[in-house]
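As structure tokens, the structure follows; a few thoughts come after it.
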Amino acid sequence: MRIEVVTLFPELIHQAASWGVLGRAQERQLLSVGTEDPRSHVHDVHKTVDDRPYGGGPGMVLKPEPLTAAIAAAAARCPAGSPRVYLSAQGPRFNQARAQALSRMPGLVLVAGRYEGIDERVIQTCIDEELSVGDYVLSGGELPALLVIDAVARLLEGALNDARSSIEESFAGGLLDWPHYTRPEEFAGLRVPEVLVSGDHARIRKWRLKQALGKTWRVRPDLLLAAAGQAGEGQPDAADKAGWAGLLNEFLQDKQDPKGSANED
Ligand code: 4FN
């Protein structure tokens with residue numbers, strides 16, 4: 001997959017994308033991350049990419065001409081049908097479902113803003129969709145772009161060494177992850193839950209689902225409600241969900257009853 005990022009800080013993108021799963025995906029030629037700097041599309045001596053906002057007020061706005069030229073150059077290196085995405089606080093929230101949809105695209109053009117943002121007419125004429133990574137003030141769209149690249153690249157066939165990651169498996173069901181443990185069996189006075197060393201795979205599976213359900217219920221009830229209402233590929237079916245209510249009850253009982261927490265199956 002070809003991903004092009006339009007950014008005033010191309011080194012930031014290349015650096016961050018050179019490590020770990022992203023770096024390996026590029027070595028394996030499953031992914032290619034390129035950049036286009038709007039500054040290389042201005043020809044005045046000062047290389048001006050920003051200007052004052054119409055209507056007044058503080059801050060600067062990215063000028064439309066160099067930005068549209070950069071988006072066109074980036075799009076020209078991507079296969080036809082690659083969406084042009086503007087990372088923006090005004091977009092719908094990026095999530096795993098969007099990551100999955102984007103990972104099936106032939107390529108992606110990601111546009112990262114700076115200053116107060118970009119000229120609205122660039123969004124109207126050159127952008128197919130806006131996406132936000134969350135509700136906080138940022139100084140640029142580069143970290144959001146990297147976040148999208150990371151989430152999308154892991155979904156590319158062959159990008160992960162293990163065929164499937166437990167995280168994506170668990171999250172495909174709309175749930176948070178269960179707790180993980182590795183050696184030693186006792187650390188800081190805390191023992192690994194007995195069920196995980198029992199070798200009983202059915203019990204382990206049940207325990208993990210119960211923990212994932214309980215954690216999701218406690219900290220992200222919105223995810224649980226969404227999962228309950230959704231159906232489709234990778235989503236839990238009605239029979240799964242019927243079992244969820246019972247497991248969730250068990251989880252809450254385990255936590256209520258201090259003796260019950262010893263009964264971790
Ligand atoms: N941010 C808000 C409202 C209005 C503006 C901002 C903001 C970086 C270029 C955009 C922010 C958040 C999530 C890109 C924030 C994102 C950005 C994102 C982003 C500089 C203009 C700006 C949400 C707090 C109400 C600055 C909130 N996902 N403007 O941060 O690019 O992708």
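Throughout, read-outs are computed from the coordinates displayed, never taken from laboratory work. Computed from a prediction, not measured in an experiment: that's the story for all the values here. Here Cβ is always computed from backbone atoms with ideal geometry, including for glycine, and neighbour counts include all displayed protein chains.
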Checking V152 against (1) in contact with a helix residue (DSSP H, G or I) (Cβ under 8 Å, 6 or more places away or on another chain); (2) within 14 Å of the ligand (Cβ to nearest atom); (3) under 26 Å from M1 (Cα atoms), which test does it fail?
(2)
R208 surrounded by 16 or more Cβ atoms within 10 Å (Cβ to Cβ) and either charged (D, E, K, R) or not in a helix (DSSP H, G or I) (or both):
yes
If you scan the range 110-147, which residues turn out to be of a type in the set (D, E, K, R) and in contact with a Phe, Trp or Tyr (Cβ under 7 Å, 6 or more places away or on another chain)?
E130, E142
I'd like the residue in the range 1-23 that is without any contact (Cβ under 8 Å) to a residue 40 or more places away in the chain and in a helix (DSSP H, G or I) and, out of all such residues, is surrounded by the most Cβ atoms within 10 Å (Cβ to Cβ).
P10
In the range 174-201, which residues are over 31 Å from the mean Cα position of the chain (by Cα), in a helix (DSSP H, G or I) and surrounded by fewer than 13 Cβ atoms within 10 Å (Cβ to Cβ)?
V197
Any chance L62 is within 13 Å of the ligand (Cβ to nearest atom) and of a type in the set (A, V, I, L, M, F, W, C)
yes
In the range 28-46, which residues are under 19 Å from V111 (Cα atoms), in a loop (DSSP other than H, G, I, E, B) and either aliphatic (A, V, I, L, M) or more than 33 Å from the chain's Cα centre (by Cα) (or both)?
L31, V42
